[in-house]
Amino acid sequence: VIKTIAPLFSDTSIVKVAQNLKYDTAILNKYNIIIAPPYADTMLESYVLDSTATRHDMDTLAERHLHYKTISFAEVAGKGAKQITFNQVPLESAAFYAAEDADVTLKLHQKFWPLLQQLPKQKNVFETIEMPLVSVLVRMERGGVLIDPQCLAAQSVVLGKRLAEIKTEAYQMAGQSFNINSPKQLQEILYTQLKCPVLEKTPTGQPSTAESVMQQLAEDYPLPKIILEYRSLSKLKSTYADKLPQ
């Protein structure tokens, strides 16, 4: 199989279309198969066309754009502790599942690509940023990246100081101290005490403190603005400056 397909992937006269090209590239690289351009990725096409959509997986895209329900991986391989690996799936089931994936991917590309042609800015982002980044990410994931623990430790201190300053500013604006990470306490401060307008509610009917809501409120109120800064810096500190060296 590898002998048969390898020349197809390296042929620059053939356009290769994938759903999540990064994953396919990583798998094929294990067998020294290089995917040469031209190629396209339906997951990235979907993302560039609609970056606010929450899901860009094949099953979701097939239902949304093709009105087609695909066979899920769980249907052929099972779930949880009983799930088998794909090489254990009976050939007939595996073949149909894989062929359907290929067919749906092509149909999605045939739907998305003409739309991108009509949107020069999005097409430019897709061709000059998103697609070239795929091979970079594959190399990073295979080889890892070098980090400087001392530099990150110093950055963590700087971020920690700014977070402490933001907390003090937030307490002054609220007229009291509160748990800045608590949605419930933040709801109380914003909506009950400061009388900010309720733009959205949670599924349980509580006023929302979600990112999108805070961004809208930040245009007119100072506290949501610094809460957003706090959340952003807090994530940088905890996820990167503190965690990466570990």
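A few notes on this one:
- Electrostatic tally near Leu217: other residues with Cβ closer than 12 Å to its Cβ, Lys and Arg +1, Asp and Glu -1, net -2.
- Whole-Hz Karplus values for region 146-156 come out as 7, 10, 10, x, 5, 5, 5, 5, 5, 5, 4 Hz, taken residue by residue from phi with 6.51 cos²θ - 1.76 cosθ + 1.60 and θ = phi - 60°; glycine and proline positions read x.
- Furthest towards positive pole of dipole, Gln215, Ala154, Leu115, structure part the chain, Cβ charges: Ala154
- Of [x] 20.7; [y] 18.8; [z] 22.4, the label for Kirkwood radius over Cα pairs in Å derived from the coordinates: [z]
- Tyr47, Tyr191, reordered so the largest accessible area comes first (probe 1.4 Å): Tyr47, Tyr191
- Cut-off under 5 Å, modelled amide H: who pairs with Cys196 long-range: Tyr191
- For the chain, size of Cβ-based charge dipole, Lys and Arg +1, Asp and Glu -1, in debye: 460
- Across the cross-link table entries Lys167/Lys237; Lys30/Lys82; Lys167/Lys201, which are compared at the Cα atoms, the separations over 19 Å belong to Lys30/Lys82; Lys167/Lys201.
- Pairs of Cα atoms nearer than 8 Å and 6+ residues apart set the relative contact order; for the chain it is 16 percent.
- Computing Rg and the Kirkwood Rh from the Cα coordinates of region 32-132 gives a ratio, Rg/Rh, of 1.03.
- Phi-derived couplings, Karplus 6.51 cos²θ - 1.76 cosθ + 1.60 at θ = phi - 60°, listed residue by residue for region 57-67: 6, 4, 4, 5, 5, 5, 5, 6, 9, 10, 6 Hz, with x used for Gly and Pro.
- Ala18 long-range amide H proximity, modeled H, under 5 Å: Ala40, Asp41, Thr42
- Between helix 131-143 and the chain there is an angle of about 90 degrees, using the helix long axis and the longest principal axis of the Cα atoms.
- Residues of type aspartates and glutamates that Lys111 reaches as a straight line, Cα spacing below 19 Å, ignoring anything fewer than 8 places off in the same chain: Asp41, Glu45, Asp50, Asp57, Asp59, Glu63, Glu100, Asp101, Asp103, Glu127, Glu130
- With Cα atoms, 0 to 90° folded angle of helix 91-117 axis to the chain main axis: 60
- At an R0 of 41 angstrom, the distance between the Cβ atoms of Ala74 and Arg162 translates into a FRET efficiency of 0.35.
- Nitroxide proxy distance, nm - points 7 Å out along Cα→Cβ at Glu63 and Asp148: 4.7
- Residues listed by number, region 130-170, amide nitrogen under 12 Å from Thr12 label point at 7 Å toward C-beta: none
- Whole-percent carbon and sulfur share, accessible surface of region 1-140, 1.4 Å: 60
- Listed residues Gly80, Val145, Thr128: farthest to the positive end of the dipole of region 1-146 (Cβ charges): Val145
- Solvent-accessible area per residue in the chain equals 65 Å², computed with a 1.4 angstrom probe and all protein chains kept.
- Here the Karplus relation 6.51 cos²θ - 1.76 cosθ + 1.60, evaluated at θ = phi - 60°, turns the backbone of region 20-37 into coupling constants of 6, 4, 4, 5, 4, 4, 4, 5, 5, 4, 4, 9, 6, 9, 9, 8, 8, x Hz, with x for every Gly and Pro.
- Available extension along the chain between Ala210 and Asn87 is 40.0 nm, counting 0.36 nm per residue and deducting the alpha carbon span.
- Dimensions (Å) - region 158-246, Cα atoms, principal axes, largest first: 41, 29, 21
The values are calculated or read from the model by the stated rules, or taken from the named source; none is laboratory data. Note that this is a predicted model, so its numbers are computed, not measured. Cβ coordinates were reconstructed from backbone atoms using ideal geometry, including for glycine residues, and neighbour counts include every protein chain displayed. Ligands, DNA and RNA are stripped out before the accessible areas are found, and what is left, the full protein with its side chains, is counted by its heavy atoms. Shrake-Rupley method; radii C 1.70, N 1.55, O 1.52, S 1.80 Å.
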